[in-house]
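The values are calculated or read from the model by the stated rules, or taken from the named source; none is laboratory data. Since the structure is predicted, the reported quantities are computational estimates derived from the model, not experimental observations. With ideal geometry, Cβ positions are generated from the backbone for all residues, glycine too; neighbour counts draw on all protein chains shown.
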Amino acid sequence: MNPRAQNRGAAIDLDTVSKAYGSFKALDGVSLRIEPGEFMTLLGPSGSGKTTTLNVIAGFTDVTSGKLLVGGNSVVGVPAHKRNIGVVFQHYALFPHMTVGRNVAYPLTLRGIKPDERKARVARALDMVKMGDFAHRYPSELSGGQQQRVALARAIVFDPPLLLMDEPLGALDKKLREWLQLEIKRIHRELGTTFVYVTHDQEEALVLSDRIAVFNRGRIEQVGTGRQLYDEPATLFVGRFIGDSTVLRGKARSDGTSTALTVAGETVSAPRRLNGETSPVMLLRPEKLAIRRPGQDATGTNRLSGTIAEAIYLGSGSKYEVKLADASTAIVRWPLAGESFGLGDKVELCFDGADAKLLPDDSTADTTLT
Amino acid sequence: MEMKPLTRVILGLVCLLVAIWLVAPTLVVVPMSFNENKSLAFPPQGFSWQWYQNFATNPDWSSSFLNSLKVASLVAVLATVLGTLAAFGLDRMKARPANLLRMLMLTPMVVPGVVLAIGIYAVYLDAQLVGTLTGFVLAHTILALPFVLIAVSANLEVFDRRLETAAASLGAGALTTFRTVTLPLILPGILSGLLFAFATSFDEIVVSLFITNPYLKTLPVQIFSSITRDADPTVAAVGTILLFATTLLIGGGMLLLGRERKGRL
């Protein structure tokens, strides 16, 4: 983390924050600590509560119950315009009747900054987002990416200790999005401000964040680094939301040291005990699975038979979708150097039981995944 | 699609006919105002400025003109303030009661003017508002309010309220947000509402005929009584002046708006 971070960024504490609209709970007891200067991403499908959380922090939405501290001070009941928090919106929200320069100067004018200093700070903020030459243009003369960079400059020009971004790249095309992701990362490093970033795009979350909070149905499922979420998902929902995964369901039997799962007549096992879950599932990452032709010597302890249903060339490797005996689909990442397979080929999938994650089956994950 | 020459000629002729039909009655007034004789005959005979002179010097005409200016200005301000506030309130209300209230406020546009006039006259007799400035301003404001409401509402409908949220996040309180973001963006609607309100009051005749008295006449009332009493070409002179004044006003407004829009694009 940036050494300046401790001085510039504000910590955020959400303590069992709830927000109800009638009987619908948009937020259901969300607790989250965001460290000063941290880049925290709120990730989840639409309607999961991530944007509501952002709006609560920004002051656009009241909380129904719970505590919210920014920089150690409670901000419950403080109106948005007194919170001194920068916000970047998906729809840019630039003032169409003002030039780029006046847009960026707006928060400084409100704070009574003298014209000389105002000019210097506007120029610095526009330079930071590489829009220094556009101060005299109107927003309608700019492309979407340029408008969003101006909006970013406007949100950081008054040095807020906290910057909130609500799917800021959602309306832009992929190439531009990837470039702006790196720009945002650079700006975060340079400023040391706490960033809270909302997205439904797990790849974007992995690229940007120090830590990610995964939202589902108004609750946080898990908070951790991208690697933690990928390698050690706490719930099936997280495992499926972050990265590709294969989920094995079947009849489970535990003998104290390992758990066996019978999937359509074939039994696989993992050297781990059940923690009282009645119906566990096994979650496997695509690179942990190996493909063999039936009868070949297999590495790993477990085998499942299946048929190649889809073969996708990815440049750096291949991705196979394999239909298993119980009609579920396994996803395998396979190096180009390995043997290649065609559609309809009968294959066996092998994996080391130690690589399988045993998770409780929250069938809700199926309905909320998009 | 490319048009055949014949089609083009026919289309042009039809357009010209419609244009003449629309404008001719108005333009007839102009030559009549320079008539030498005291008659409203068309085509006029001779040439003279005397009716313009009469308009400027005859107290009947000049005072009614000033009355109309006074009433219309007050109505424009009052109706614009009230209409803008109403438009805001309705915009931020729940849809169903808002639509009901909106219909209620728009009724002066659909209720026949005579009916409205009778009602207002009956009330004014008791309240002793007949022939008073207050009476005229109140009555005309009822008629002008819907125009402001429509103009401002149309602007609010396309106004992006998320800009207000953005302004709040940048540190602007509700009043500052209104002054610096909302007002500038709906100003075209407010200004056109103001213009409509002024025009509505300035040429209102039906209600005015009922609530006028010899001490307070507006210009349309004066025109009407003058033309029913004698064929005074001063009417034509007044008409010509009004024609040029409104052309200048609207044309200037359109030029200004056009320039602003060009600056933004």
Which is in the same structural domain as A:Leu261 (by TED's automatic domain parsing) and not in a loop (DSSP other than H, G, I, E, B), of A:Glu339, A:Glu310?
A:Glu310
Would you tally the residues in segment A:35-47 being touching a Gly at 6+ places or on another chain (Cβ under 9 Å) and in a loop (DSSP other than H, G, I, E, B)?
5
Scanning segment B:23-47 for residues that are in a helix (DSSP H, G or I) and loosely packed, with under 10 Cβ neighbours inside 10 Å, which turns out modelled with the highest pLDDT?
B:Ala24
If I ask for residues that are within 11 Å of chain A (Cβ to nearest Cβ) and outside any helix (DSSP H, G or I), which ones from segment B:128-167 would you list?
B:Phe159, B:Asp160, B:Arg161
Selection from segment A:207-265 of residues assigned to a helix (DSSP H, G or I), in contact with a Leu (Cβ under 8 Å, 6 or more places away or on another chain) and basic (Lys, Arg) yields A:Arg240
Subset of segment B:1-19 (residues that are more than 30 Å from the chain's Cα centre (by Cα) and aliphatic (A, V, I, L, M))
B:Met1, B:Met3, B:Leu6, B:Val9, B:Ile10, B:Leu11, B:Leu13
Kindly evaluate A:Leu172 against the criterion of being under 20 Å from the mean Cα position of the chain (by Cα) and either within 10 Å of another protein chain (Cβ to nearest Cβ) or under 26 Å from B:Leu185 (Cβ atoms) (or both).
yes
Single condition B:Ser68 does not satisfy, out of (1) within 30 Å of B:Ala231 (Cβ to Cβ); (2) surrounded by fewer than 20 Cβ atoms within 10 Å (Cβ to Cβ); (3) of a type in the set (Ser, Thr, Tyr):
(2)
State whether one or more residues within segment B:168-189 are within 14 Å of chain A (Cβ to nearest Cβ) and under 16 Å from the mean Cα position of the chain (by Cα).
yes
For segment B:77-95, which residues satisfy the criterion of being assigned to a helix (DSSP H, G or I) and charged (D, E, K, R)?
B:Asp91
With the checklist (1) surrounded by fewer than 14 Cβ atoms within 10 Å (Cβ to Cβ); (2) at pLDDT 95 or above in hand, flag the one item B:Thr107 doesn't pass.
(2)
Somewhere in segment B:190-197, is a residue away from chain A (no Cβ under 14 Å), hydroxyl-bearing (Ser, Thr, Tyr), farther than 30 Å from A:Ala80 by Cα and surrounded by 15 or more Cβ atoms within 10 Å (Cβ to Cβ)?
yes
For segment B:190-208, give me each residue that is among the small types (Gly, Ala, Ser) and either more than 30 Å from B:Phe224 (Cβ to Cβ) or under 8 Å from the mean Cα position of the chain (by Cα) (or both).
B:Ala197, B:Ala199, B:Ser201
What helices (runs of 4 or more DSSP H) completely inside segment A:48-166 contain at least 2 residues that are away from every other protein chain (no Cβ under 12 Å), under 23 Å from the mean Cα position of the chain (by Cα) and buried (at least 21 other Cβ atoms within 10 Å of the Cβ)?
A:50-58, A:144-156
May I ask you to list the residues in segment A:169-199 that are farther than 11 Å from A:Gly145 by Cα, of a type in the set (A, V, I, L, M, F, W, C) and not in a helix (DSSP H, G or I)?
A:Phe195, A:Val196, A:Val198
How about segment A:282-325: which of its residues are more than 20 Å from A:Leu343 (Cβ to Cβ) and at pLDDT 85 or above?
A:Met282, A:Leu283, A:Leu284, A:Arg285, A:Glu287, A:Lys288, A:Asn302, A:Arg303
Failed item, numbered, when B:Ser208 is tested on (1) of a type outside the set (Asp, Glu); (2) within 14 Å of chain A (Cβ to nearest Cβ); (3) closer than 27 Å to B:Arg102 by Cβ
(2)
